[in-house]
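*Asks:* Have a look at this one.
The values are calculated or read from the model by the stated rules, or taken from the named source; none is laboratory data. Values in this document were obtained by computation on a predicted structure and should not be read as measured data. Positions of Cβ are backbone-derived with ideal geometry, glycine not excepted, and every protein chain shown enters the neighbour counts.
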Amino acid sequence: MNKIVKNAKEAIKGIQDNMTLMLGGFGLCGIPENSITELVNNNVTGLTCISNNAGVDDFGLGLLLHKHQIKKMISSYVGENKEFERQLLSGELEVELNPQGTLAERIRAGGAGIPAFFVPAGVGTEVAEGKEVRKFDGKEYLMETCLTADFAIVKAWKADAYGNLVYRDTANNFNNMMASAGKITIAEVEEIVPVGELAPNEIHTPGIFVQRVFKAENLEKRIEFVTEQE
Amino acid sequence: MALDKNGIAKRIAQELQDGYYVNLGIGIPTLVANYIPEGIEVILQSENGLLGIGPFPAKGKAQADLINAGKQTITAMKGAAFFDSATSFAMIRGGHIDLTVLGAFEVSDQGDISSWKIPGKMVKGMGGAMDLVASAKNIIVATTHTDRAGNSKLLKSCTLPLTGVKCVKKIVTDLAFIEVTDNGFKLLERAPGVSVEEIVEKTDGKLIVEGDIPEMNV
């Protein structure tokens, strides 16, 4: 079994206009940079993108937004991207804002075969509009449905040819759940190691969820707010 | 004299207890980490997948893969754990966090909070705030008592889109320490040198004032 492909260009083969994509990362941490660049180069449009954030204006998903390749975003926070906020306020971009925990669980549920579930986040707010409300033990919950994607594009630290993935520090975030929720999952990774080198106890995403793996090149790994001691 | 943001953070830090797991929102709440009382241990949870936030890294040591919910570079303390976002929100939604501190645009005297959207002007998204307020055992809001135009932020009813309903337990402002009770806001303490009259005047919601109101010890 060998899921390794040559590069981002090979990895994104099959991604077409109007597809639904999941893209990992929290802010700029753990985003699949090479894949995003390749999507920009490929000029795919009409995309529905599920991602916690929208990058910044000139990096990450911001690059796809600038070229108007995204029709709809499903996210929880878009504050660091002025272009996103502008497209949202002007109506150019369709946006569905989900509470972050709800978004995480919708994706996890999608990968886990759970079509709907109940959570308390958003009860009594505009997030509850149009949703079923049910009481359990005297407390109100909203019914939320799961999310899946045509392609999930995740970023990991290490992978092997079986598609097993290990993440580093806080760069896991949405990647692990998204890996399970894509019909096809692409893993952009920093290191590919020989099968057997990743200790079974330490694997975060078992390879069954992953279809394609490629080694990233020239990662910028930009930091949004470098914050250090004086 | 009204407290500055560090003063607000200092007063909130006095509510921390040994062994608490705490989530601090962006803005003033993050400053609470600088005032953890001597002799107690508090573990800070970052919604993006870290339990055990450490201090900011030394100069030149910032790591792109290690950030907090505000996208700042941080370190992990000894004994920390990393995990994915679904696990992070299991901690939050499952009621495992002892204290949540967050900012607000408005708080109502029944404990509703608006903190994420100003229609037509600011729609950054709610992030983890709705999850936090819907499930936290204990919520303290850190905020200025009035907005820049001098309007009260402690209201009878929130006018901005809600983050959560009937969930805020305590509020610390630059002027006061207030508890949200079944009967409205209850004034517990005043900022050093600030009068009860000023607090009453600047609070739109129902404010219960009983007996002598002591000054905060900050």
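*Asks:* Filter segment B:13-51 for residues that are modelled with pLDDT under 95 and among the polar types (S, T, N, Q); which is surrounded by the most Cβ atoms within 10 Å (Cβ to Cβ)?
*Replies:* B:30
*Asks:* Okay, moving on. Suppose we keep only residues that are β-branched (Val, Ile, Thr) and part of a strand (DSSP E or B) within segment B:94-122. Which one would you say is surrounded by the fewest Cβ atoms within 10 Å (Cβ to Cβ)?
*Replies:* B:118
*Asks:* Identify, by number, the condition in (1) more than 8 Å from chain A (Cβ to nearest Cβ); (2) in contact (Cβ under 8 Å) with a residue 24 or more places away in the chain; (3) assigned to a loop (DSSP other than H, G, I, E, B) that residue B:126 doesn't meet.
*Replies:* The one condition residue B:126 does not meet is (1).
*Asks:* Follow-up question, since we're still on this one. Only strands (runs of 3 or more DSSP E) wholly contained in segment B:1-83 count here; list those with 3 or more residues that are away from chain A (no Cβ under 14 Å).
*Replies:* The qualifying strands (runs of 3 or more DSSP E) are B:20-24.
*Asks:* Please name all residue pairs, on different chains or six or more residues apart, with Cβ atoms under 6 Å, provided the first residue is in segment A:204-226 and is under 12 Å from residue A:154 (Cα atoms) and the second residue is basic (Lys, Arg).
*Replies:* So the pair list comes out as A:212/A:3; A:213/A:3.
*Asks:* Let me ask something else about it. Of the residues in segment B:159-208, how many are aromatic (Phe, Trp, Tyr) and more than 14 Å from the chain's Cα centre (by Cα)?
*Replies:* Within segment B:159-208, residues that are aromatic (Phe, Trp, Tyr) and more than 14 Å from the chain's Cα centre (by Cα) number 1.
*Asks:* Within 14 Å of another protein chain (Cβ to nearest Cβ) and either at pLDDT 95 or above or assigned to a strand (DSSP E or B) (or both), is that true of residue A:143?
*Replies:* no
*Asks:* If you scan segment A:205-230, which residues turn out to be crowded, with 16+ Cβ neighbours inside 10 Å, away from every other protein chain (no Cβ under 14 Å) and either small (Gly, Ala, Ser) or part of a loop (DSSP other than H, G, I, E, B) (or both)?
*Replies:* A:207, A:210, A:211
*Asks:* Can you tell me how many residues within segment A:62-110 are under 18 Å from the mean Cα position of the chain (by Cα), among the small types (Gly, Ala, Ser) and more than 10 Å from chain B (Cβ to nearest Cβ)?
*Replies:* The qualifying residues number 2.
*Asks:* Is there any pair linking a residue in segment A:111-129 that is more than 7 Å from chain B (Cβ to nearest Cβ) to one that is in a strand (DSSP E or B) and among the β-branched types (Val, Ile, Thr), with Cβ under 8 Å and at least six apart or on different chains, and which?
*Replies:* A:115/A:145; A:116/A:145
*Asks:* Considering B:28, B:8, which residue is touching a residue at least 40 places away in the same chain (Cβ under 8 Å) and farther than 29 Å from residue A:104 by Cα?
*Replies:* Going through B:28, B:8 in turn, the sole match is B:8.
*Asks:* Report yes if some residue within segment A:42-60 is modelled with pLDDT under 95 and over 16 Å from the mean Cα position of the chain (by Cα); otherwise report no.
*Replies:* The answer is yes, given that some residue of segment A:42-60 is modelled with pLDDT under 95 and over 16 Å from the mean Cα position of the chain (by Cα).
*Asks:* Within segment A:87-106, does at least one residue satisfy the condition of being without any contact (Cβ under 8 Å) to a residue 60 or more places away in the chain, farther than 24 Å from residue B:118 by Cα and crowded, with 22+ Cβ neighbours inside 10 Å?
*Replies:* Taking every residue of segment A:87-106 in turn, at least one turns out to be without any contact (Cβ under 8 Å) to a residue 60 or more places away in the chain, farther than 24 Å from residue B:118 by Cα and crowded, with 22+ Cβ neighbours inside 10 Å.
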